[in-house]
Amino acid sequence: MKTKSTFLLTIIVLSFAVSGAAAPVSFKKIVIDKTFRAEGVATADINHDGKLDILSGDLWYSSPGWKMHELRPVGTYDGTKGYSNCFTNFAQDVNGDGWVDSIIIGYPGDPCWWYENPRNKPGHWKQRMIAKSACNETPIFVDLLGNGRPVPIFAVRPEGIMAWFGIPKDLDGLWDMHVIAAGPDAPGTKKYSHGLGAGDVNGDGRCDVLVKEGWWQAPEDRTKKSWKFHPANLGPDCANILVYDVDNDGDSDVITSSAHRYGIWWFEQDGSEFKQHVIFDKYSQAHAIILADINSDGIKDLVTGKRHFAHQGKDPGGHEPAMLYWFELRRPEKAKPVLSAVEGVEFVLHVIDDNSGVGTQFEVVDMNADGKLDIVTSNKKGVHIFLQQP
């Protein structure tokens, strides 16, 4: 394959606040690749040089020059007509050899694969299947067991179940499937279901699993089949479902976003009910969201952006700019109405970029080991890094 030149065009994009004092945060945009490669992305030290590299579906890019390397046969994807073969990309040392491997889910309903890192040897990575079907448009990779080792969680068709997957003894075989919710058609388990997340909803120290229809309570033994389901109205079709104590009242709240329309919300937990509050409704297609402490104030902020041309521009706002932005979460003693102000809560908008956006999954990570969080995206606009500046 003839590798295209790495685009090192960089621009400084200053964050600004719609209201209130601007946080002292700015980002430098680095265009790694202008070609549509994937809508999922991962970061890891692939080649053991001590620097974080980028995984984007068929390819990986080595830091610091971002040289392009083939991981598997490279497809040609036209974002104006269709999709790539990577909706989500995760990184993990699957076989325990000390080298980070790649986990990829293509189009919803397709298999989930893992690719073995060849340890700096040439050629494509060895492919093995994790599961025959991976459904829901937001598969997640989280520390469900509390042991520091994330596991994949997604729905399986045609059974219509929700499950998490553990690494098997036989690495050539399918992964061990642990059923969270048995079918047929448990909530969130259709091929194109929207909304999936994990977090401690009830404060028992265990990571529960959420869909927009409610949440499954994690038992002490996570391998136990069919977890208890608690119905709850967590809004319309969404993307990642995040769990966080937004209002600092001691219990867990929930944050969601519209995958294909306008709207980002937080749901205030009040007993067994969740009260919905609008965070923002001016940008559309926030098909992936992440909680991270961007400004290092000890409070997690919300990072998101537009999934550009999610349905080839047919969604509401589909032809509007491909925004990337973050919301600074503030808890002042006396909140002024900004974008959301409920009992001392403010979400302050900061724009990072208007020509990139996010895909169906992205990463917030310290790419250059300077102690500040950066953002890595891959979507129909290409592959980008946003380095937070001193």
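Of all chymotrypsin sites (Phe, Trp or Tyr not before Pro) in the stretch 34-115, which ones are in loop regions per DSSP and have a Cβ with at most 16 other Cβ atoms within 10 Å?
When the chymotrypsin sites (Phe, Trp or Tyr not before Pro) of the stretch 34-115 are filtered for loop state and at most 16 Cβ neighbours within 10 Å, nothing remains.
Would you give the gap between the C-alpha center of the stretch 278-331 and the C-alpha center of the stretch 193-255, rounded to a whole Å?
Between the Cα centres of the stretch 278-331 and the stretch 193-255 lies a distance of 21 Å.
With every atom except the alpha carbons ignored, what do you get for Rg and Dmax of the stretch 104-160, in angstroms?
Here Rg and the maximum Cα pair distance are 13.4, 40 Å.
Quick one: give the max-minus-min coordinate of the C-alpha atoms of the stretch 39-156 along each principal axis, largest first, in Å.
Between the extreme Cα coordinates on each principal axis of the stretch 39-156 lie 40, 36, 22 Å.
Over 22 Å between Cα atoms, which of Lys126/Lys225; Lys190/Lys381; Lys34/Lys372; Lys81/Lys126; Lys190/Lys225; Lys81/Lys191 qualify?
Distance filter (> 22 Å) returns Lys126/Lys225; Lys190/Lys381; Lys34/Lys372; Lys81/Lys126.
Could you pull the accessible area for Val278 with a 1.4 Å probe, rounded to 10 Å²?
Solvent-accessible area, nearest 10 Å²: 70 Å².
In the stretch 47-102, which trypsin sites (Lys or Arg not before Pro) fall in coil by DSSP and have 15 or fewer other Cβ atoms within 10 Å?
Lys51, Lys81
What is the ratio of the Cα radius of gyration of the chain to 2.2 N^0.38 Å, where N is its residue count, to two decimals?
Taking N as the residue count of the chain, the ratio is 0.94.
Let me check something: with ligands and nucleic acids excluded, how do Lys381, Lys225 order by accessible area (1.4 Å probe), largest to smallest?
On the way: Lys381 60, Lys225 130 Å².
Result, largest first: Lys225, Lys381.
Which one, Ile167, Ile32, Ile180, has the greatest fluctuation when you compute a Gaussian network model over the chain with C-alpha springs under 10 angstrom?
The residue that fluctuates most here is Ile167.
In a GNM of the chain with a 10 Å cut-off on Cα contacts, which of Thr304, Thr377, Thr76 has the highest mean-square fluctuation?
Thr76
For the chain, which whole percent of the accessible surface, found with a 1.4 angstrom probe, sits on carbon and sulfur atoms?
That fraction is 51 percent.
Tell me which of Ile46, Met129, Val74 sits at the most positive position along the dipole axis of the stretch 30-133, charges placed on C-beta atoms (Lys, Arg +1; Asp, Glu -1).
Val74
Counting heavy atoms of the protein chains only and a 1.4 Å probe, report the per residue accessible area for the stretch 105-241 as a whole number of Å².
Normalised by residue count, the accessible surface of the stretch 105-241 is 43 Å².
Please state the shape class of the stretch 231-390: rounded when a/c is under 1.5, otherwise prolate if a/b exceeds b/c and oblate if not, all from the C-alpha gyration tensor.
Because a/c hits 1.5 or more and a/b fails to exceed b/c, the stretch 231-390 counts as oblate.
Measuring from label point to label point, each 7 Å out along Cα→Cβ, what is the Lys126 to Glu273 span in nm?
5.7 nm
For Cys112, what accessible area in Å² do you get when you roll a 1.4 Å probe over the heavy atoms of the protein chains, rounding to the nearest 10?
Solvent-accessible area, nearest 10 Å²: 0 Å².
Defining a contact as two alpha carbons under 8 Å apart and six or more residues distant in sequence, what relative contact order in percent does the chain show?
Numbers: 1135 pairs, mean separation 60.7, N = 390.
Relative contact order comes out at 16 percent.
Can you compute log10 of I(q)/I(0) for the stretch 24-89 with the Debye formula, treating each Cα as one identical point scatterer, at q = 0.13, 0.18, 0.27 Å⁻¹?
-0.40, -0.71, -1.24
Starting from the Cα gyration tensor of the stretch 172-266, take the square roots of the eigenvalues, sort them a ≥ b ≥ c, and report rounded, prolate or oblate (rounded when a/c is under 1.5, otherwise prolate if a/b is larger than b/c, else oblate). Before the final figure, lay out the partial values.
Values: a/c = 2.03, a/b = 1.22, b/c = 1.66.
Because a/c hits 1.5 or more and a/b fails to exceed b/c, the stretch 172-266 counts as oblate.
The values are calculated or read from the model by the stated rules, or taken from the named source; none is laboratory data. Owing to the predicted nature of the structure, the values given are computational and were not obtained by experimental measurement. Counting neighbours? That spans all protein chains shown, and the Cβs are built from the backbone with ideal geometry, glycine included. Just the protein is used for accessible areas: all its heavy atoms, side chains included, with ligands, DNA and RNA removed. Shrake-Rupley method; radii C 1.70, N 1.55, O 1.52, S 1.80 Å.
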